[in-house]
Each structure stands twice: as structure tokens, then as C-alpha cells.
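Working notes, beginning with the structure itself.
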Amino acid sequence: MRILDFLLDCDPAVRRQTQIYLLDEHPPYTTQGWIGEFLARYDEEKKTWGNGIYGPKWISTFYTMRDLRSLEIDPQHPIYQQGLQTLTDHMWNPDEFVEDDICVVAMLVSLLTYGQHPEPIIDEMIHYLLAQQLPDGGWNCSAVYGHSTNSSIHTTLSVLEAYADYEKEGYGSLLPSIMEQTKKGQAYLLRRNLMRRESTHEIILPYITDFHFPTRWKYDVLRGLSYFAAIEHPYEPALKEGMELLKKKFERGYLTKGPTYSGRLHFHMETARIGAMNTLRGLIVLKHYDPAFYNEIISKEIAIPLA
């Protein structure tokens, strides 16, 4: 079997994104498969998932919405829209700083812009993020509490993703400020080759060279590469090490599902060794940055592991 045939035979959300990003097709949104499983677990009375807003991880409203966003639910689906309202009601009040975790605010921006939420509340969040950039070009949640003057790869990528989503989804009033900060944030990640400490050149954290899906709030190299590919950032030498790591992990013609972060789950999206979503995400990056290697991978006949 070839890898594209495998992906087209996977969950409807995987099939749809394969059609869009690898085959340049335009399929409709779906509510089948994993998306339908998440929707079925929504509590209509409480307007939540998992009987919580941010916790318990990973079944709360916030993280279920993150899963639905990653699967590309119809952003106008009434349950997704109600979920956005629940999150803003409980997690954002600029006068009281209900939520001042930079990483969480950034992820909220990504959820809200995807759902085309009204601009004023999003701009309030963007103003907050704009005020938090550190001198090294990145962001760090702990800096809010005075604990750090150095940036975090996790927080920095979440903010950069939020800024990219703000632009992609057509919000514009704060774009000049965003673009200025984006260049500095990108430089912060690129100086580290997406994975290394600037001081010692060691791998920043061991697990970031593993590829995770869902990504939760954490950084890994594939998530960094996916960001740069999604914004069509030109290839540059700082991306080489990350690309070499990605290509090495494709030696069997696919990516594994990788490790998972501990926490409660609504259900297991992937149970086999092969990771459909990781493979899809990796192929999207390869198609953008190394089309020759991409064509080689999709042309191979591969053995798909059953477990």
C-alpha cells in the first residue's frame, strides 16, 4: 500500500486534510469519526466537556476544543461556537486577568480566530501578548510572575501560531505590531535550529525530538516545522537539522504515532503503531520544503503495521 492510500482510508478528518493539503482538493467539512466522537461527549446543559473549563487535562472544554481545531471541524459548527463562548466567559476578563498565562491566551486566540469570533475580544488578547515579548525575541509564561527573563520554546511557538492565525483568518487592525514581533520570535526559534540551546548547543529537552499528536501545549520539532511550512517561510539553513530529523523518521515510509502525554482522554484517536496525523503533518512539511523527498515517500509501497 502507498501512504496516501492509507491516509485516505483513515478517519474522515485525516482523509479530508489529506485531500486538502496533499491532493489540492476541496472536500466539505465532516462531523464523522473522531470529530463526531468529541461532539457526542459535549454536555449540552453545562456547555462544557469533561465537566471543566481548562482542567481536567485532556478532557476539559479547552483541550477538547484544541482537538477539534486540530481536526479542522467546521468552525461555524454550533457546538464549536458555543465552546468558544464558554471559554471566553470563564477564561478572559482583561480587567481582572482571569487568564494571564501567555501560552493559554495564545492558544485561545488560535481557537477564537479559527471560529471567526468578534474582533474586539481577540484584539484585547493580542494587546496582552504584544506586551509580553522578552528581549531575546520570544515569550515565557513564567515571565509574567517575574521568574524568568529567558524565553520558552513552548510559549514562543504558541504565540507565533496565534499571530499567524490572526493574519490568516483576516483580522488586521494589529497586524503591523504583530509582524514586527513575529520576525523576532521566528529568529528566536531559528537561532536554536528549532531544537538546541543557544548556550551549550545541546537538545533543549529530550522529548522535543519525538513527534506528538495531539500536541497539547507542548513544543516538538515537527510542530515547529509545521508552523514555518504553514506560513510558507522560505527554507533556510536553520531548518536543516529539523528537516533531517523528519526525513530520518520517515525511513519506513511513515511516522509513528509517537508517545502521548499523561492525562485523561475521551477516547484513543490512534491505536496502531503508525501515526496517521503525524504522518500527514510530516508529509505536509516535506511537500513544502523537500518536494523530491516527498514524491519519493508517496511513491513507495510500504508495509503498514497493524499494531
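Mean-square fluctuation check for the chain, GNM, Cα pairs under 10 Å: which of GLY33, GLY115, GLY242 is largest? In this elastic network of the chain, the residue with the biggest mean-square fluctuation among GLY33, GLY115, GLY242 is GLY33.
Calculate the dipole size of the range 7-111 relative to its Cα centre from +1 charges on Lys and Arg beta carbons and -1 charges on Asp and Glu beta carbons; express the result in debye to the nearest 20. List each step's numbers first, then the result.
Details: 8 positive and 17 negative charges, 48 e Å.
Roughly 240 debye for the range 7-111.
Using label points projected 7 Å from each Cα along Cα→Cβ, tell me how many nm separate PHE293 and GLN19, to one decimal. Distance between the two pseudo-spin positions: 3.0 nm.
For the chain, the relative contact order works out to 17 percent when only alpha carbon pairs closer than 8 Å and six or more residues apart are counted. Overall shape: oblate for the chain, with the ratio a/c of the largest to smallest alpha carbon gyration tensor axis at 1.5 or above and b/c at least equal to a/b. Of the chymotrypsin sites (Phe, Trp or Tyr not before Pro) found in the range 79-135, those that fall in a DSSP loop while having at most 14 other beta-carbon atoms within 10 Å are PHE97.
When a/c reaches 1.5 or more, the comparison of a/b and b/c decides; with that in mind, is the range 1-112 rounded, prolate or oblate per its Cα gyration tensor?
prolate
Rounded to 0.05, the FRET efficiency of the ASP123 and THR209 pair, given R0 = 35 Å and the Cβ-Cβ distance, is 0.45.
About its Cα centre, how strong a charge dipole does the chain have in debye, to the nearest 20, once Lys and Arg get +1 and Asp and Glu get -1 at the Cβ?
Numbers: 30 positive and 40 negative charges, 231 e Å.
Charge dipole of the chain: 1120 debye, to the nearest 20.
Under 5 Å between amide hydrogens, built in the peptide plane, is the criterion, and for GLY52 it picks out THR61 among residues at least 5 positions away or on other chains. Dividing the summed -39500 (n - 2.57) terms of all DSSP H runs of n ≥ 4 by the residue count of the chain sets its mean residue ellipticity at 222 nm at -15000 deg cm²/dmol.
P(r) tail for the range 111-159: Cα pairs beyond 16 Å make up 44% of the total. Straightening the chain between THR31 and ASP95 buys 19.3 nm, computed as 0.36 nm per residue apart minus the Cα-Cα spacing. Among the listed pairs LYS249/LYS287; LYS47/LYS218; LYS184/LYS257; LYS183/LYS240, those with a Cα-Cα distance over 21 Å are LYS47/LYS218; LYS184/LYS257.
The length gained by stretching the chain between ALA303 and THR260 to full extension, at 0.36 nm per residue less their Cα-Cα distance, is 13.1 nm.
As a length-normalised measure over Cα pairs under 8 Å and 6 or more apart, the relative contact order of the range 1-87 settles at 22 percent.
Taken one residue at a time, the phi angles of the range 60-74 give Karplus couplings (6.51, -1.76, 1.60, θ = phi - 60°) of 5, 4, 4, 6, 5, 5, 4, 5, 4, 5, 5, 8, 6, 4, 4 Hz. Gly and Pro are set to x.
About its Cα centre, how strong a charge dipole does the range 55-110 have in debye, to the nearest 20, once Lys and Arg get +1 and Asp and Glu get -1 at the Cβ? Write out the running numbers ahead of the final one.
Working: 3 positive and 9 negative charges, 54 e Å.
Approximately 260 debye in magnitude.
Where a Cα-Cα gap under 14 Å defines reach, which aspartates and glutamates qualify for LYS46, not counting those fewer than 8 residues away within the same chain? Counting by Cα, and skipping residues close in sequence, LYS46 has these aspartates and glutamates nearby: ASP89.
Read the figures in this text as sums done on the coordinates, not as results from a lab. Quick caveat, the model's predicted, so the values are computed rather than measured. Quick reminder, even Gly has a Cβ in these numbers, built from the backbone with ideal geometry, and neighbours come from all protein chains shown.
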